[in-house]
Amino acid sequence: MSFNELVHPKVLAPASGDIVLPPGFGGGPSTGSTKSKKAEPVKKPSETEMDQLKVKKAWEMATSPAKSIPMNLIMSYMTGNSLQMIPIMMTLMLLWNPIRAIFTETGAAFQDLTNDRIANELLLPKVVFILCHLANTGIGVWKLNKMGLVPNSEADWLAWKDAAKVVERLVYSGN
């Protein structure tokens, strides 16, 4: 291929002048068609349709915290149970962020969707929103328990009780 062919390529004319336009590209002024179609105006959704859309959006917002539960479980399992900076900070974030979201974001998230007609229908999505955040908090409490930071025996609460003895055994299986 020469430089001249690159600069001035040969453009072949189509064999047929009736090329079908793709869907959505017909009837424009550049196509040369004389038929003009008037676009139908989009009808405004009724109040009941808008309320149904608002309830659907509320359910999407309510279940959005549940999407992070599998990842939080995997990350909690993978970080181990040692008392190091990253597992402790991750666990504190698992506790702090959902609790903060329950108290500050629940009302604000559903505020734009609320009206008098669907106030009762938005109650269940709000409860699901709170339960999903409590599930994330539960993952944080489970992680704290695995790290040994949750007081769950009498010796953790009472000074006169002896702490549980951890028995470690070393078995030598040499020949």
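The values are calculated or read from the model by the stated rules, or taken from the named source; none is laboratory data. The structure presented is a predicted model; accordingly, all values stated were derived computationally and were not measured. Virtual Cβ from ideal backbone geometry, glycine too; neighbours counted across all protein chains shown.
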In this structure, is Gly80 over 18 Å from the mean Cα position of the chain (by Cα), within 28 Å of Leu53 (Cβ to Cβ) and modelled with pLDDT under 95? no
Helices (runs of 4 or more DSSP H) fully within region 67-175 counting 3 or more residues that are closer than 30 Å to Glu47 by Cβ: 85-111, 123-147
As an exercise: evaluate Glu105 against (1) under 21 Å from the mean Cα position of the chain (by Cα); (2) farther than 26 Å from Met71 by Cα; (3) charged (D, E, K, R) and give the number of the one condition it does not meet. (2)
Take Ala109 and tell me if it is without any contact (Cβ under 8 Å) to a residue 12 or more places away in the chain and farther than 20 Å from Leu92 by Cβ. no
Of those in region 64-85 that are exposed (fewer than 11 other Cβ atoms within 10 Å of the Cβ) and of a type outside the set (S, T, N, Q), the residue farthest from Thr106 (Cα to Cα) is Leu83
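Of everything in region 107-121, what is crowded, with 17+ Cβ neighbours inside 10 Å and not aliphatic (A, V, I, L, M)? Give them in sequence order.
Scanning region 107-121 gives a single hit, Phe110.
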